[in-house]
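No value in this document is a laboratory result; all are computed from the given coordinates. Bear in mind that the values here come from a model prediction, so they are computed numbers and not experimental data. Heads up, the Cβs are rebuilt from the backbone with ideal geometry, glycines too, and the neighbour counts pull from every protein chain shown.
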Amino acid sequence: MGLPIGALAAWRRAWRPLAVAVGVVALQYVLGVVATGGAWDWPARWLASVGAETAEDFGSVGWQALSLPGLLGRLSIGGSTPGALIGPALLGYAAGAAVILLSLRPLRAWDAPRAVALTCALALFAGPRGWSYDGTLLLPAMAVIARQAVDRGWPWEHRWLLAAAFGIAALWPLGGYVGVNPEAAVVLLAPFVLLGLGPFRRFA
């Protein structure tokens, strides 16, 4: 999640927080070198180990996938292993990129809380994978919508949207029986709600 937030800081020309983030990453890298006994290439080794477990991970708990590329990637190889950058998963990345491009102007113009909420929602929407616990990335979006509701006197559409989002998210264990995580519906709609597109214009 650090990478999308860092990209947001760069896009908004927030150089001080970006410098702090780069410093933290550099410190983490140096500590990793110490922890691995001087292995300067430890990030590459770590990524290789993660990649080696990805197929098995998708095969056992792939039904928890939340992101659009993750959901479509499961379709590309019988729903058991990730499709990586092939087939339907590639369409998911393309759609995610399109929504991100649509969000560039708001990400620069909005206040920081709304911009961070949209960034988190986009990271989950367009990322390569995301399990049920990653759905907590939508909490900033829920907070922004709740803040709007308070400022507007709690209109009914805000109340029902928040209730539906939390209600659907609470049903995620059922995904193990049906093969699809219900929480994914919230993830896929969140960027459009924050942007106020289509039927969600009232939330802009």
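Percent of alpha carbon pairs in the chain separated by more than 26 Å? If you can, show how the numbers build up before the last one.
On the way: 8842 of 20706 pairs.
Distances greater than 26 Å cover 43 percent of the Cα pairs.
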Output the peptides 121-134, 160-173 sorted from most to least packed, where packing is the average of other Cβ atoms within 10 Å over each peptide's residues.
121-134, 160-173
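Hey, with R₀ at 30 Å, roughly what FRET efficiency would A170 and W11 work out to, going by the Cβ-Cβ distance, to 0.05?
Numbers: r = 34 Å, r/R0 = 1.13.
So the FRET efficiency works out to roughly 0.35.
As an exercise, use a Förster radius of 41 Å and the Cβ-Cβ distance of V150 and V61 to find the FRET efficiency, rounded to the nearest 0.05. Please list the in-between numbers first.
Values: r = 37 Å, r/R0 = 0.90.
For V150 and V61, the calculated efficiency is 0.65.
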With the dipole of the chain worked out from charges on the C-beta (+1 for Lys and Arg, -1 for Asp and Glu) around the Cα centre, which of C120, Y29, L8 lies farthest toward the positive end?
L8
